[in-house]
Every structure is written in C-alpha cells, then in structure tokens.
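Below: one structure, written as structure tokens.
The values are calculated or read from the model by the stated rules, or taken from the named source; none is laboratory data. None of these values were measured; they are calculated from a predicted model. All Cβ positions, even for glycine, are placed from backbone atoms using ideal geometry, and neighbour counts span all protein chains on display.
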C-alpha cells in the first residue's frame with residue numbers, strides 16, 4: 001500500500017484529489033492509504049516520515065506549501081512531492097525542494113493520472129534499488145541488490161547469481177528463488193535461467209541478450225517468456 005498525504009486548505013479540492021487517487025487505484029490495481037490535512041502546519045505537526053507521496057497545495061494561509069516543503073525536506077529527503085497550484089511560476093522554486101512535478105488547477109483526471117503514475121513508478125524504482133537478498137554461501141552471507149541481478153543460473157544444486165557486481169554462487173533451488181522474486185519482473189526463459197526482464201535488450205530465435213550476456217531460450221518456454229516480456233515492457 002502506498003501512503004499518500006493531501007495537504008490542501010480547500011476541502012472540495014482535497015476531496016477531488018482523493019477521489020482521483022482512489023479511481024486510479026481501482027483502474028490500475030494499486031492500493032493507497034490516504035490522509036488529508038487542511039493546512040501545512042497540521043501536516044508538519046503530525047508527519048512521521050513514513051509517507052510515500054505528498055500532494056501539496058502551494059497557496060495556503062499561515063504557511064505556504066513551498067515553505068512547508070522546505071521544512072519537510074529537513075526531516076525527509078526521500079518522500080515524493082507533487083505541488084498543486086494555480087501559478088506555474090513556482091516551478092523554478094520546486095527544484096529547490098526536489099519536487100517531482102506540478103499539477104495546475106483546475107485538476108483534471110487525465111492530467112492527474114500522468115503525474116500519479118510517474119510518482120508510483122518512482123517509488124517502485126526506489127524500492128527496487130534498495131531491496132536486497134541475503135544469500136548464504138561457503139564464505140558467509142552475501143547481500144545482493146535485486147536491481148543488480150541480470151539473471152540467475154542453476155548448475156546442479158547451485159545457483160549462480162550473475163550481477164553487475166560479479167557472480168555469487170550459493171546452494172539452492174531455482175523454483176524457490178523464482179517464488180521469492182515473484183512480482184519483481186523476473187521470468188524463466190528455460191529450466192536453467194531466471195532472467196531479469198529489465199535488462200533484456202535482444203530476442204533471437206533461441207536466445208535472449210540480458211545485461212550484455214547471451215542466454216538460451218527453450219522452445220517450450222519461448223512463448224510464455226515473450227508474453228511476460230511484452231507485459232513488462234508495456235507496463236513501463
């Protein structure tokens with residue numbers, strides 16, 4: 001579930017943004033936990049650095065959205081920030097507080113979806129960069145970033161993790177690793193390889209190129225592999 005905060009002094013505008021987020025969730029299979037704040041001071045008072053996305057109105061009484069964003073960045077430099085404003089000239093100031101984007105009022109659903117989709121994609125990419133696997137081998141425990149894995153090869157009772165940082169050899173079953181990596185855009189191209197679809201750059205008659213390396217595709221798995229690759233590319 002993505003945690004979202006809406007900081008907006010206009011209750012009707014806040015309700016509209018909330019309805020857009022909920023609609024996007026229904027249409028795209030995403031789950032959101034939404035909390036609304038009527039002003040920036042209430043938001044900053046309660047904020048606990050556990051939010052994923054903040055939609056911040058700029059023109060608010062007592063404390064503007066831009067000033068609130070500056071204070072927010074003192075405690076949380078990672079939260080994804082999107083401003084909602086009537087005035088596009090604030091865009092330059094937005095770079096100072098690392099705002100991802102701006103939405104200009106009146107907020108229309110089509111434009112809103114573009115911004116929200118970009119925000120969700122950024123959050124997913126950030127999670128991928130930080131997610132790690134703890135792999136036990138003869139020399140100890142190796143921590144491998146999921147995003148660094150090009151493909152996993154099974155050799156006997158061993159799994160070879162081919163990563164951009166080198167190979168890691170551990171005991172294990174490919175089926176178990178396939179289950180652990182479910183939902184993280186990995187797919188079998190044959191019984192011996194589990195491929196990170198993110199790094200596939202070429203498909204041949206019986207092979208694919210992943211991370212600069214050529215990996216065999218079996219006849220039995222070719223269709224399902226290409227189908228999964230097509231879905232991945234289409235969703236990104």
(request) Pick out, from the stretch 142-236, the strands (runs of 3 or more DSSP E) lying fully within it that include 3 or more residues that are at pLDDT 90 or above and over 24 Å from the mean Cα position of the chain (by Cα). (result) 149-155, 158-163, 166-171, 207-210, 213-216
(message) For the stretch 59-76, which positions are surrounded by 22 or more Cβ atoms within 10 Å (Cβ to Cβ) and not in a helix (DSSP H, G or I)?
(response) 60
(message) Checking residue 126 against (1) in contact (Cβ under 8 Å) with a residue 40 or more places away in the chain; (2) assigned to a strand (DSSP E or B); (3) under 21 Å from the mean Cα position of the chain (by Cα), only one condition comes out false. Which one?
(response) (2)
(request) Of the numbered conditions (1) within 30 Å of residue 53 (Cα to Cα); (2) crowded, with 17+ Cβ neighbours inside 10 Å, residue 225 fails exactly one; give the number of that condition. (result) (1)
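Which one is nearest to residue 79 (Cα to Cα), of the residues in the stretch 1-41 that are in contact with a strand residue (DSSP E or B) (Cβ under 9 Å, 6 or more places away or on another chain) and in a loop (DSSP other than H, G, I, E, B)?
Within the stretch 1-41, the first condition is being in contact with a strand residue (DSSP E or B) (Cβ under 9 Å, 6 or more places away or on another chain), and the residues that meet it are 1-11, 13-15, 17-18, 21-22, 24-25, 30-40.
Checking which are in a loop (DSSP other than H, G, I, E, B) leaves us with 1, 8-10, 30-31, 38-39.
Details: 1: 15, 8: 17, 9: 21, 10: 23, 30: 18, 31: 17, 38: 19, 39: 18 Å.
Only one residue fits best here, namely 1.
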(request) Considering every residue within the stretch 108-121, establish whether at least one is over 18 Å from residue 11 (Cβ atoms), assigned to a strand (DSSP E or B) and assigned by TED's automatic domain parsing to the domain that holds residue 9. (result) no
